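Structure record follows, encoded as structure tokens.
The values are calculated or read from the model by the stated rules, or taken from the named source; none is laboratory data. Every value quoted in this text rests on a predicted model; they were computed, and no experiment measured them. Glycine also receives a Cβ, built like all others from the backbone with ideal geometry; neighbour counts cover every protein chain displayed. These accessible areas exclude ligands, DNA and RNA; they are computed on the full protein's heavy atoms, side chains included. Shrake-Rupley method; radii C 1.70, N 1.55, O 1.52, S 1.80 Å.
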Amino acid sequence: MLLYELFNDVHFDCSMVDGAQNNCRFKMTVTVNNCKFEGTGPSKKLAKNAAAKAALASLCNISYSPMMHPQKNLPIPIDDKTASMELPQIHADKIGMLVLEKFQEVIKGQESYSRRKVLAGIVMSENMNFNEAKVISVSTGTKCVSGEHMSVNGAVLNDSHAEIVSRRCLMKFLYAQLEKHLNPATINQSIFERNPDNTQYPYKLKNGVLFHLYINTAPCGDARIFSPHENDSGVDKHPNRKARGQLRNKIESGEGTIPVKSCDGIQTWDGILQGQRLLTMSCSDKIARWNIVGIQGALLASLVEPIYLHSIVLGSLLHPEHMYRAVCGRIEKSIQGLPPPYHLNKPRLALVTSAEPRNQAKAPNFGINWTIGDTEIEVVNSLTGKTVNNQVSRLTKMNFFMKFANLLKNLPGLQQRKIIMDYGETKKAIKDYQTAKKELFDAFKREDLGNWLKKPIEQDEFCLPE
Ligand SMILES: [Zn+2]
């Protein structure tokens, strides 16, 4: 209605997309003043609505994002000051579209693995120039390794939730970008540059390189503990409110999470082999962790300054208050003592205009991953943590540890850093990263939100192959 009121020349066209297992979806293209905008949805009406919203966001700066108006979902101008946490809608829609298109592209020829519940991806942009943005990773998955498949060699993927896998793809990409410095001919193509005179962080990202995480739904755990059709304005009397902000665990081979406080502290290898359930921290908690220690992981933290997500875009279930609390708000008052340049990162948040419908399909036991540069997808059995052909995944700790050792040996400017053969010892020696991680755990404790649950220590006791 608003679009028809504001413009004379409005024309809608409808087509079908992705009619496969994941609900049939309609695509509506609206032409306004010779510009085209798209929307998708489970019905023609919703697709049309999404297309109209995309047009209004782009042509009139009108946003329907829940970030702008959490309670009423009314359109208000984008330049409102309350919107400082929001990623502009047109950028969010572009990020979502790029990831979905890349998924359709890389799954070609292996359609039997297109079945999915959670889909995630990471997009890289130079500043806010999204015309040249690149998809770095695409992944699917909703499950974790079963206890009997834990590896003493760092050779299995423990957590195959899509957003966790996409972040491992990003780490693989970061290694590849540092490896470009091993060859004078490729140095200029790297997103990293030398950080002269800095012996602690000899490399850094070039100015303006930004990473954006897309997930088709709210991450499991704290960001997803609400009912989408109730608003909790005013006093919340619900007894479950005590659960807000709590650290939570994924349950072995299941979906959903439970608060860590209902588990007992330390996980042991022998206990798990005997049948104790293997627990993994929820995706909400891991994202909060990335907002303190960065997304590059412990090993790379000894070569580059911490790298943070610029924004997180959801395909559905974005509740601004819950999402903000989950990814950074719950520790913003209690975090302290971070060694610079570590800090609490507050990513921008957004919901795509063409939201994904609730998907009641049963989650498959496999997940796929693809990183820019890969010629094909890898399909991982989430319960064994190995590929469906029983091979070691390209995203394992062991693989990254070998890449890291190679960089330490050959990367220019490292002043002969010592290579420690033991993985756990190597990580322990990266002091500022360990301090930042400890401050993160302490911040959760100070807020009485529970203790971060670690995997059995034996998980990290493996060495580089001779
Ligand atoms: Zn998850």
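Provide a single number: the residues in the range 365-380 that are surrounded by fewer than 20 Cβ atoms within 10 Å (Cβ to Cβ) and within 16 Å of Glu252 (Cα to Cα). Spell out how you get there, then give the answer.
Taking the range 365-380 as the starting set, the residues that turn out to be surrounded by fewer than 20 Cβ atoms within 10 Å (Cβ to Cβ) are 365, 372-376, 379.
Pick out the ones that are also within 16 Å of Glu252 (Cα to Cα) and you get 365.
Of the residues in the range 365-380, 1 are surrounded by fewer than 20 Cβ atoms within 10 Å (Cβ to Cβ) and within 16 Å of Glu252 (Cα to Cα).
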If you go through Ser125, Ser114, the only one that is open to solvent by less than 10 Å² (accessible area, probe 1.4 Å), among the polar types (S, T, N, Q) and in contact (Cβ under 8 Å) with a residue 40 or more places away in the chain is Ser125
Looking at Ile287, Ile312, Ile258, Ile251, which one is without any contact (Cβ under 8 Å) to a residue 12 or more places away in the chain and within 16 Å of the ligand (Cβ to nearest atom)?
-> Ile258
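Quick one: would you say Arg194 is of a type in the set (Lys, Arg) and either at pLDDT below 80 or within 26 Å of Ser284 (Cβ to Cβ) (or both)?
When the stated conditions are applied, Arg194 does not pass them.
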Those residues of the range 298-313 that are closer than 28 Å to Glu86 by Cα and within 18 Å of the chain's Cα centre (by Cα) come to a total of 8
With Gly154, Gly147, Gly121 as the choices, which residue is of a type outside the set (A, V, I, L, M, F, W, C), within 16 Å of the ligand (Cβ to nearest atom) and either over 15 Å from Val380 (Cβ atoms) or assigned by TED's automatic domain parsing to the domain that holds Asn410 (or both)?
-> Gly121
How many residues of the range 110-124 are under 18 Å from Ile372 (Cβ atoms) and among the β-branched types (Val, Ile, Thr)? The answer is 2
Taking Glu321 as meeting all but one of (1) more than 18 Å from the chain's Cα centre (by Cα); (2) in a loop (DSSP other than H, G, I, E, B), write down the number of the exception.
-> (2)
Single unsatisfied condition, Ile164 versus (1) hydrophobic (A, V, I, L, M, F, W, C); (2) away from the ligand (no atom under 16 Å from the Cβ); (3) under 16 Å from the mean Cα position of the chain (by Cα) | (2)
Report yes if some residue within the range 452-466 is surrounded by fewer than 15 Cβ atoms within 10 Å (Cβ to Cβ), under 22 Å from the mean Cα position of the chain (by Cα) and in contact (Cβ under 8 Å) with a residue 24 or more places away in the chain; otherwise report no.
-> yes
Residue under evaluation Ser354, criteria (1) small (Gly, Ala, Ser); (2) within 19 Å of the chain's Cα centre (by Cα); (3) buried (at least 23 other Cβ atoms within 10 Å of the Cβ), criterion not met | (2)
Do you know which of the residues in the range 124-144 that are under 30 Å from Glu252 (Cβ atoms) and part of a strand (DSSP E or B) is nearest to the ligand (Cβ to nearest atom)?
-> Cys144
Among the numbered criteria (1) under 24 Å from Val99 (Cα atoms); (2) open to solvent by 10 Å² or more (accessible area, probe 1.4 Å); (3) within 16 Å of the ligand (Cβ to nearest atom), which single criterion is violated by Leu279?
-> (1)
Only one of Leu383, Leu395, Leu407, Leu414 is open to solvent by 30 Å² or more (accessible area, probe 1.4 Å) and not aromatic (Phe, Trp, Tyr); which?
-> Leu383
Consider only pairs whose beta carbons are under 6 Å apart and that are at least six residues apart or on different chains; among these, list those whose first residue lies in the range 427-441 and is under 10 Å from Pro339 (Cα atoms) and whose second residue is of a type outside the set (Phe, Trp, Tyr) and not in a helix (DSSP H, G or I).
-> Asp432/Pro339; Tyr433/Ala301; Thr435/Pro339; Ala436/Leu338; Glu439/Gly337; Glu439/Leu338
Does Ser302 satisfy being open to solvent by 10 Å² or more (accessible area, probe 1.4 Å), within 27 Å of Gln360 (Cα to Cα) and in a loop (DSSP other than H, G, I, E, B)?
-> no
Kindly establish whether Leu318 is crowded, with 22+ Cβ neighbours inside 10 Å and over 19 Å from His212 (Cα atoms).
-> no
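For Ser334, state whether it is modelled with pLDDT of 95 or more and either assigned by TED's automatic domain parsing to the domain that holds Ser125 or among the charged types (D, E, K, R) (or both). Working first, answer last.
Working: modelled with pLDDT of 95 or more: yes; either assigned by TED's automatic domain parsing to the domain that holds Ser125 or among the charged types (D, E, K, R) (or both): yes.
Here the answer is yes, as Ser334 does meet what is asked.
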Could you list, in sequence order, all residues of the range 206-248 that are closer than 29 Å to Phe130 by Cβ, more than 16 Å from the ligand (Cβ to nearest atom) and at pLDDT 90 or above?
-> Lys206, Asn207, Gly208, Val209, Leu210, Phe211, His212
